[in-house]
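Below is one structure, written out as structure tokens; comments come after it.
Just so it is clear, none of the values below were taken in a lab; they were calculated from the coordinates. All values reported here derive from a predicted model rather than from experimental measurement. Glycine also receives a Cβ, built like all others from the backbone with ideal geometry; neighbour counts cover every protein chain displayed.
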Amino acid sequence: MRPENIENILVTLHDGPWFGFDNKEHVYENLVIYSADDKPTQAWLETELASQQAAWDAAVADEVASKASAKSKLAALGLSENEISAAFGI
């Protein structure tokens, strides 16, 4: 799943309920740390979020490109669109 907010980053840092937002909007200003862990900076969280989103987007684009490449190679071997779709789902 593509990370969409800082909460998606926070849940990957430590196990258990180590942070929360005290029933408020899930934004950095409302972030509360319940453990002895340091509170990550907003800049770090935003940078990490952007990095993970870029990695996710690149992986999706690579998968699309790989499927398109495989499909064109199969078509070059003489398989029809229907055969390719039936056999490989692409």
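Given (1) surrounded by 12 or more Cβ atoms within 10 Å (Cβ to Cβ); (2) more than 27 Å from GLU4 (Cα to Cα), identify the lone condition not met by SER80.
Result: SER80 fails condition (1) only.
Considering only the range 74-90, state which residues are of a type outside the set (A, V, I, L, M) and farther than 20 Å from GLU63 by Cβ. Spell out how you get there, then give the answer.
Filtering the range 74-90 for residues of a type outside the set (A, V, I, L, M) gives 78, 80-83, 85, 88-89.
Across the range 74-90, the qualifying residues are GLY78, SER80, ASN82, GLU83.
Taking only the range 59-83 into account, find how many residues are of a type outside the set (Lys, Arg) and within 29 Å of the chain's Cα centre (by Cα).
Looking only at that region, the number is 12.
Does ALA68 fit the bill of being surrounded by 11 or more Cβ atoms within 10 Å (Cβ to Cβ) and not polar (S, T, N, Q)?
yes
Scan the range 22-40 for residues that are over 17 Å from PRO3 (Cβ atoms) and surrounded by 10 or more Cβ atoms within 10 Å (Cβ to Cβ) and jot them down.
Our first condition is that a residue be over 17 Å from PRO3 (Cβ atoms); within the range 22-40, this holds for 22-25, 29-30, 32-39.
LYS24, ASN30, VAL32, ILE33, TYR34, SER35, ASP37, LYS39, listed by residue number.
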